[in-house]
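Values quoted throughout were computed directly from the atomic coordinates according to the rules given, and no laboratory measurement underlies them. Quick caveat, the model's predicted, so the values are computed rather than measured. For neighbour counting, all protein chains shown are included, and Cβ atoms are generated from backbone atoms with ideal geometry for every residue, glycine included.
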Amino acid sequence: MRRRHLLSATLGGLGLVAGCLGRFAGVGQDSEPLSCGNEWHRLNAFSESYASPWREWRLTTNRESLQYGDEMRVTLTNESDQEAYTGIPAKYDIQERTEEGWRSVLWIDQKVALTDEALVHEPEEGLTWTFTVREETIEGVEEEYHICDAIEPGRYRFAYYGIGDEHAAITTPFEVVE
């Protein structure tokens with residue numbers, strides 16, 4: 001039974017990577033960052049988000065409001081009574097709310113290809129990320145990602161797209177204040 005779940009998660013994840021890689025190579029809404037140059041493109045990994053469509057998962061942050069210098073911890077927890085699967089921890093985005101909608105603050109080069117692995121999580125286990133918000137950056141992001149624009153006060157969300165549908169992500173909001 002576990003092999004069947006692992007195989008299903010792995011095959012589903014391969015579809016996720018195939019779909020995401022096409023979006024990674026594509027240019028997001030903005031084609032030129034302010035400080036990174038033309039080699040970087042805004043991350044555009046998914047098209048929809050949900051507060052929590054996956055009943056077995058809960059995504060939370062230890063802080064809903066952050067000032068520059070504050071540390072934020074984001075946790076994805078398996079709330080089911082059985083093991084559940086995710087992709088690798090690097091399958092996340094940090095987005096800011098703009099007048100046009102949600103926009104990634106993460107930039108990648110066209111060569112980035114995230115590996116796809118199915119990670120097993122027992123009940124009450126999962127993934128954790130830790131970030132420190134600075135005016136010019138967010139410390140703690142994966143080395144494949146870059147912050148090219150200043151982090152302005154406003155509404156943001158952390159989005160993890162390593163579970164379920166390749167076009168969706170589970171999200172949790174936070175706010176950066178002065």
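Tell me, what HN-Hα J-couplings in whole Hz come from the Karplus equation 6.51 cos²θ - 1.76 cosθ + 1.60 at θ = phi - 60° for each residue of region 131-136, using x for Gly and Pro?
Karplus-based 3J(HN,Hα) across region 131-136 equals 10, 10, 8, 10, 4, 9 Hz.
Taking the Cα-to-Cβ direction at SER80 and at GLU124 and moving 7 Å from each Cα, how far apart do the two end points lie in nm?
Taking the two extended label points, one gets 1.8 nm.
If packing is taken as the average number of other Cβ atoms within 10 Å across a peptide's residues, how do 133-145, 82-94 rank, most packed first?
Numbers: 133-145: 14.8, 82-94: 20.1.
Answer by packing, highest mean first, reads 82-94, 133-145.
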